[in-house]
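Undergrad: Okay, handing you the structure first.
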Amino acid sequence: MYIFAMQFQFIIMLSQSLQQKLQQKLSPQQIQLMKLLQVPTIALEQRIKQEMEENMALVEGNEDEEYDTSDVQKDEEDLDTHEEQDTDKDEFDIEDYLDPDDLPDYKYEANNQSADDEVKDTPFASANSFQEYVLSQLGFMSLSETENRIAEFIIGNLDDAGYLRRETLAMVDDLAFTQGIYTTKEEVEALITLVQSFDPPGIGARDLQECLLLQLDRMPEDEDVNTAKRILSRYFEPFSKKHYDNIMQRMGIEEDELKGAVDIIIKLNPKPGSSLSESQKTVEHIIPDFLVGNEDGQLVLQLHSRNAPELNVSRHYREMLETYAAHRNQAPKQMKDAIMFVKQKIDSAKWFIDAIKQRHDTLYTTMEAILYYQKAYFLTGDETKLKPMILKDIAERVGLDISTISRVVNSKYVQTSFGTFLLKTFFSESMQTQSGEEVSTREIKKILQSLIEKENKRKPYTDDKLAEFLVDKGYNIARRTIAKYREQLNIPVARMRKEI
């Protein structure tokens, strides 16, 4: 048997062709501007501090005279041109980076403090966390070392709301595998009961029903408390759905008895652990990006001063260039490399300063267009006077792209005489009334919310009834649209709004 080996030769034909393509690419400066547009004022401060840490050529304040931040591209072209010329000459025009009118540093320095000045430090409050508070109560119990470790493990499994979401058998297995503690389900259950006796009342519960019952067990017994216990232990599901008539019929009680029990239940804390966790949360303050005032019927717009900080190029970096200019003929190659590094830092600082200025102008122009569309609202504060407005309307007025407008209104706040509001809440779709007038969906939501606030809570309006009211007011709206707007306003259905 013969095996014939066949060798194939593949010939790859290489060819050249000329093609013309059109591509759009963003420059690093444009990308930087887009990123700066979408950050709010408080985040802008952090972004500037970060840039100043990374680029020592950028300084904040009046350290330098106003420095020309334009014509950055020209500097790059000059650098390329000089590189093609004689190597003994400078790689770039150093005079563009020097200011003959610079003043000495001592004229920009001032010492406004003395030894007699009072220094006020801001105190910081500290408190124990929820788990630490519960663990501190464990120290008052007479437990063995093993029981104490199991109880600590149980407390460590409590979530921020104070609930124990783990199954008992799962904790028994974890204790055996992770800590080498071999215990039983009954022993863990006994220690869970112990933890449930700690403060705040209701901790260690597996679900809401048990949490509320644990709190009722701590209350002095009376008729209303006993009725509340019966409701939660036997009729928790119909109670959660507010089927009050069903509960009264099955328990054989009157409405007054049910009302007394419900008044006690609604005062219980469904998240006992949150009472301590909330105090540990950081409070975030809103810094408005825009300030709008009303002076004799005229809207006055101001951009927050932190949106346009005074940034300049560092004097020390420019002094390096002065030194190099004075000794350019004797400068070694290492010094020329250092000066090229200095030039790059100065260019980067100039680009950043220019981006901050463009951000200022874009924010101001966009807010002016919003005031033009919503002038009636900003003069009165009446939400029913908000006009339909989408991103495209503002983009066409200011001559910018819709994506740019979206970045501007994202996470930005405006302060008015009647409150501080998120900028994107002024944008809404339009809906046509029976008379053909275009109105904002925000106006319809406001009317819907007003109707629900004034309804009889014993017989709340259904979505069909709310739709009838709005049709009578001239708004062509369907029941499913009412349901959608109600959900957007976080308003429950009629059955869940019922009170006795």
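The values are calculated or read from the model by the stated rules, or taken from the named source; none is laboratory data. Keep in mind it's a predicted model, so treat the numbers as computed, not measured. Here the Cβ is made from the backbone with ideal geometry for all residues, glycine too, and neighbour counts use every protein chain on show. Side chains included, ligands, DNA and RNA excluded: accessible areas come from the protein's heavy atoms. Shrake-Rupley method; radii C 1.70, N 1.55, O 1.52, S 1.80 Å.
Undergrad: For region 158-186, which positions are of a type outside the set (A, V, I, L, M, F, W, C), farther than 22 Å from ILE265 by Cα and part of a loop (DSSP other than H, G, I, E, B)? Quick ask: steps written out before the conclusion?
TA: Applying the first criterion (of a type outside the set (A, V, I, L, M, F, W, C)) to region 158-186 yields 159-160, 162-163, 165-168, 173-174, 178-180, 182-186.
Now restrict to residues that are farther than 22 Å from ILE265 by Cα: 159, 165-168, 173-174, 178-180, 182-186.
Passing the criteria: ASP159, ARG165, ARG166, GLU167, GLN179, GLY180, TYR182, THR183, THR184.
Undergrad: Same structure again: Can you tell me which residue within region 240-255, out of those that are among the charged types (D, E, K, R) and open to solvent by less than 70 Å² (accessible area, probe 1.4 Å), is nearest to GLU499 (Cα to Cα)? Steps first, please.
TA: Step one: list which residues in region 240-255 are among the charged types (D, E, K, R), which gives 241-242, 245, 250, 254-255.
From what's left, open to solvent by less than 70 Å² (accessible area, probe 1.4 Å): 242, 255.
Details: LYS242: 8, GLU255: 11 Å.
The selected residue is LYS242.
Undergrad: Looking at GLU237, GLU295, GLU223 in this structure, which one is of a type outside the set (A, V, I, L, M), touching a Gly at 6+ places or on another chain (Cβ under 8 Å) and loosely packed, with under 12 Cβ neighbours inside 10 Å?
TA: Of GLU237, GLU295, GLU223, the one residue that is of a type outside the set (A, V, I, L, M), touching a Gly at 6+ places or on another chain (Cβ under 8 Å) and loosely packed, with under 12 Cβ neighbours inside 10 Å is GLU223.
Undergrad: Also: Under 8 Å between Cβ atoms, at least 6 apart or on separate chains: pull out the pairs that start in region 455-466 with a residue that is free of Cβ contacts under 8 Å to residues at least 40 places away in the same chain and more than 16 Å from ARG479 (Cβ to Cβ) and end on any residue that is open to solvent by 90 Å² or more (accessible area, probe 1.4 Å) and among the aromatic types (Phe, Trp, Tyr).
TA: Short answer, once both residue conditions are applied: none.
Undergrad: Do we find that ALA349 is within 26 Å of the chain's Cα centre (by Cα), surrounded by 18 or more Cβ atoms within 10 Å (Cβ to Cβ) and assigned to a helix (DSSP H, G or I) in this structure?
TA: Numbers: within 26 Å of the chain's Cα centre (by Cα): no; surrounded by 18 or more Cβ atoms within 10 Å (Cβ to Cβ): yes; assigned to a helix (DSSP H, G or I): yes.
No, not satisfied.
Undergrad: Anything in region 368-377 that is open to solvent by 20 Å² or more (accessible area, probe 1.4 Å), in contact (Cβ under 8 Å) with a residue 24 or more places away in the chain and not aromatic (Phe, Trp, Tyr)? List them, or say none.
TA: Those that are open to solvent by 20 Å² or more (accessible area, probe 1.4 Å), in contact (Cβ under 8 Å) with a residue 24 or more places away in the chain and not aromatic (Phe, Trp, Tyr): GLU368, LYS375.
Undergrad: A further question on this structure: Just a yes or no: is a residue in region 215-227 within 30 Å of GLY156 (Cβ to Cβ) and of a type in the set (Asp, Glu)? Working first, answer last.
TA: Of region 215-227, the ones within 30 Å of GLY156 (Cβ to Cβ) are 215-219.
After this cut, where a residue has to be of a type in the set (Asp, Glu) as well, the list is 217.
Yes, region 215-227 contains at least one residue that is within 30 Å of GLY156 (Cβ to Cβ) and of a type in the set (Asp, Glu).
Undergrad: Another question about this same structure. Counting just the residues of region 291-329 that are assigned to a helix (DSSP H, G or I) and charged (D, E, K, R), which one comes out modelled with the lowest pLDDT?
TA: The first filter runs over region 291-329 and keeps only residues assigned to a helix (DSSP H, G or I), leaving 305-307, 315-326.
Now drop any that are not charged (D, E, K, R), which leaves 306, 315, 318-319, 322.
Working: ARG306: 67, ARG315: 77, ARG318: 72, GLU319: 73, GLU322: 70.
Filtering first and then ranking leaves ARG306.
Undergrad: For SER440, only one of the following conditions fails: (1) among the polar types (S, T, N, Q); (2) open to solvent by less than 30 Å² (accessible area, probe 1.4 Å); (3) under 30 Å from LEU44 (Cβ atoms). What is its number?
TA: Of (1) among the polar types (S, T, N, Q); (2) open to solvent by less than 30 Å² (accessible area, probe 1.4 Å); (3) under 30 Å from LEU44 (Cβ atoms), only one is false for SER440: (3).
Undergrad: Of the residues THR425, THR380, THR416, THR365, which single one is at pLDDT 85 or above, among the β-branched types (Val, Ile, Thr) and exposed (fewer than 15 other Cβ atoms within 10 Å of the Cβ)?
TA: Values: THR425 fails: at pLDDT 85 or above; THR416 fails: exposed (fewer than 15 other Cβ atoms within 10 Å of the Cβ); THR365 fails: exposed (fewer than 15 other Cβ atoms within 10 Å of the Cβ).
None of the other options fit; the residue is THR380.
Undergrad: Working carefully through the options THR122, THR146, find the one that is modelled with pLDDT under 50 and farther than 12 Å from GLY204 by Cα.
TA: Working: THR146 fails: modelled with pLDDT under 50.
The unique qualifying residue is THR122.
Undergrad: Spot the failing condition for ILE231; the list is (1) of a type in the set (A, V, I, L, M); (2) in contact (Cβ under 8 Å) with a residue 60 or more places away in the chain; (3) more than 30 Å from GLY156 (Cβ to Cβ), and only one is missed.
TA: Checking ILE231 against (1) of a type in the set (A, V, I, L, M); (2) in contact (Cβ under 8 Å) with a residue 60 or more places away in the chain; (3) more than 30 Å from GLY156 (Cβ to Cβ), the one that fails is (2).
Undergrad: Another question, if that's okay. From the list THR178, THR193, THR146, which one is of a type in the set (Val, Ile, Thr) and closer than 30 Å to PRO238 by Cβ? Give the derivation first.
TA: Details: THR178 fails: closer than 30 Å to PRO238 by Cβ; THR146 fails: closer than 30 Å to PRO238 by Cβ.
None of the other options fit; the residue is THR193.
Undergrad: I'd like to know if region 176-196 contains one or more residues that are of a type outside the set (Phe, Trp, Tyr), in contact with an Asp or Glu (Cβ under 9 Å, 6 or more places away or on another chain), more than 30 Å from LEU135 (Cα to Cα) and at pLDDT 85 or above.
TA: no
Undergrad: Pull up region 332-346, narrow it to residues that are open to solvent by 60 Å² or more (accessible area, probe 1.4 Å) and not hydrophobic (A, V, I, L, M, F, W, C), then point me to the one that is modelled with the highest pLDDT. Give the steps one after another, and end with the answer.
TA: Restricting attention to region 332-346, the residues satisfying the condition of being open to solvent by 60 Å² or more (accessible area, probe 1.4 Å) are 332-334, 337, 341, 344.
Now narrow it down to the ones that are not hydrophobic (A, V, I, L, M, F, W, C): 332-334, 337, 344.
Details: PRO332: 65, LYS333: 65, GLN334: 65, ASP337: 72, GLN344: 79.
If we take residues in region 332-346 being open to solvent by 60 Å² or more (accessible area, probe 1.4 Å) and not hydrophobic (A, V, I, L, M, F, W, C), then GLN344 is modelled with the highest pLDDT.
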